Amino acid sequence: VALAEMAEFGEAYTTQVIKNAKTLAQALHDRGWEVVAEHKGFTESHIVLVEVSETPMKNGRKVEEELEKANIIINRNLLPWDKKEGRDYRKPGGIRLGTSEMTRLGMKESEMDHIAELMTRVVMKGEDVEKIADEVSAFRKDFQHVHYAFDTETEAYKHLRFK
């Protein structure tokens, strides 16, 4: 099924994933986040890497925990220079954001900008995470259908052409 979906939707899906990643990176950067690889267009994949050691929360673990309370799931991430800075996996200097699942749920560039704003309100402005969690839940209600996929397993099997 995954192979059939990639054959049918893969190009459109991966194109949108990368657009979303670039848009999310730029939106965060515009709000004062230190997004890695700005000089290279931030990313050429689904991943955005962000240095957070200079944010009010100081480390990736704290950012990860606070955003999770706000219903925004991200991962803390070691940065290549963290070891030299005395940081480790428990309190790394970065976070990693992926856009694959957001894209599969139908989110596009405008939603990436909104997500960047929600993240900024939690991490940079220190707004109440419970309030943001409610906003995220309300926002997420519009994204319940999986895109870039067949609606049924049967459609996928019909798509496959066996030789």
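The values are calculated or read from the model by the stated rules, or taken from the named source; none is laboratory data. All of these numbers come straight from a predicted model, not from anything done at the bench. Heads up, the Cβs are rebuilt from the backbone with ideal geometry, glycines too, and the neighbour counts pull from every protein chain shown. Accessible surface areas use protein heavy atoms only, side chains included; no ligands, DNA or RNA. Shrake-Rupley method; radii C 1.70, N 1.55, O 1.52, S 1.80 Å.
The set of residues in region 129-160 that are under 14 Å from residue 115 (Cβ atoms), crowded, with 17+ Cβ neighbours inside 10 Å and small (Gly, Ala, Ser) contains only 133. Close Cβ contacts (under 6 Å, 6 or more residues apart or on different chains) running from residues in region 34-47 that are closer than 18 Å to residue 108 by Cα to residues that are open to solvent by less than 100 Å² (accessible area, probe 1.4 Å) and of a type in the set (Val, Ile, Thr) comprise 42/35; 46/17; 46/99. Pairing residues of region 133-156 that are touching a residue at least 60 places away in the same chain (Cβ under 8 Å) with residues that are of a type in the set (Ser, Thr, Tyr), at Cβ distances under 7 Å and at least 6 apart in sequence or on separate chains, gives 148/13.
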